[in-house]
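For reference, the structure discussed in these notes is given below.
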Amino acid sequence: MPELMALFKEVADIQTSDTLNLPIPKVKFETIVVKPSSIQEEMVEKLGERAEDIKRGDVNPKDDNMLKITNEGRKLALDQRLINDMLPDFENSKVNSCAENIYRIWKETAEKKSTQLVFCDLSTPKNTGTMENPYEMELVDGKWRLKEWKFTDVYTDLKRKLIEKGIPENEIAFIHDANNDTQKQELFSKVRAGNIRVLMGSTAKMGAGTNCQNKIIALHHLDCPWRPSDLTQRNR
């Protein structure tokens, strides 16, 4: 590998954003801290106990290992229902906090039709069209509301929460809805026009080549990717 890199540098002129000093918009970073539920605290304690068992060599690596614990910890930090979908929707969860922020910004920037991006690598949408429509409405006591739905993934859950708050369904989209480059460009065009004001996606599908920056007012990270470079790519 070092030899290949040396050969590549003989014919390539590598420039980074630091050396180019390109103009970039000023960014205000904000970290939203949410407290865990009592269920999450108990589960984290159990993860610690499992880690101690592994450290002592009391567990067969095929049955349990640190990679499995780390993965479950990431899911638990995002939403406790990713560990057990029968658990309740915690009122102060990351997803609920994110929904509040997205709706507030959506409402405040309605006149300019500003847009927002939401990144989440875990729990991508499971609804492939063969399932019941999770956004179907029903009339209850003279008011329209979303029908009851069994939790499947964070994407669908967040979209439902945004619809319930008042954001029209057609203003919310998943990058996963675009299956080819043509569909992606059509989707990005709608975001640039402010017709779609909330676009959700993963680092792999939306971290690079997302040409829809002109109306973006906010970017939300629901989870943190493994590599720091992925986080940098998201922010660009």
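Please go through region 191-204 and pick out each residue that is surrounded by fewer than 18 Cβ atoms within 10 Å (Cβ to Cβ) and either over 12 Å from the mean Cα position of the chain (by Cα) or more than 19 Å from Asn71 (Cα to Cα) (or both). It would help to see each step written out before you state the result.
Here is the first cut: in region 191-204, the residues surrounded by fewer than 18 Cβ atoms within 10 Å (Cβ to Cβ) are 192-195, 204.
Matches in region 191-204: Arg192, Ala193, Gly194, Asn195.
Is it the case that some residue within region 182-192 is without any contact (Cβ under 8 Å) to a residue 40 or more places away in the chain and within 27 Å of Leu76 (Cα to Cα)? No, because not a single residue in region 182-192 is without any contact (Cβ under 8 Å) to a residue 40 or more places away in the chain and within 27 Å of Leu76 (Cα to Cα). If you check Leu146 against the conditions, is it under 30 Å from Asn84 (Cβ atoms), free of Cβ contacts under 8 Å to residues at least 24 places away in the same chain and surrounded by 13 or more Cβ atoms within 10 Å (Cβ to Cβ)? Considered against the rule, which asks whether it is under 30 Å from Asn84 (Cβ atoms), free of Cβ contacts under 8 Å to residues at least 24 places away in the same chain and surrounded by 13 or more Cβ atoms within 10 Å (Cβ to Cβ), Leu146 comes out as yes. Of all the numbered requirements in (1) more than 14 Å from the chain's Cα centre (by Cα); (2) in contact (Cβ under 8 Å) with a residue 24 or more places away in the chain, Glu136 misses one, and that requirement is (2). Taking the residues in region 149-184 that are among the β-branched types (Val, Ile, Thr) and part of a loop (DSSP other than H, G, I, E, B) as candidates, determine which candidate is surrounded by the fewest Cβ atoms within 10 Å (Cβ to Cβ). The extreme case among them is Thr152. Taken over region 79-97, the criterion of being in contact with a Lys or Arg (Cβ under 9 Å, 6 or more places away or on another chain), under 13 Å from Val34 (Cα atoms) and part of a helix (DSSP H, G or I) is satisfied by Val95, Asn96. Is there a residue in region 102-114 that is over 26 Å from Asn235 (Cα atoms), over 24 Å from the mean Cα position of the chain (by Cα) and modelled with pLDDT of 95 or more? No, region 102-114 has no match at all. Within region 132-143, track down each residue that is surrounded by 12 or more Cβ atoms within 10 Å (Cβ to Cβ) and either at pLDDT below 90 or out of contact with any strand residue (DSSP E or B) (no Cβ under 9 Å at 6 or more places or on another chain) (or both). Answer for region 132-143, where residues must be surrounded by 12 or more Cβ atoms within 10 Å (Cβ to Cβ) and either at pLDDT below 90 or out of contact with any strand residue (DSSP E or B) (no Cβ under 9 Å at 6 or more places or on another chain) (or both): just Met137.
The values are calculated or read from the model by the stated rules, or taken from the named source; none is laboratory data. What you see is a predicted model, and the numbers here were worked out from it, not measured in a lab. A quick note on method: Cβ atoms are made from the backbone with ideal geometry, for glycine too, and the neighbour counts reach across all protein chains shown.
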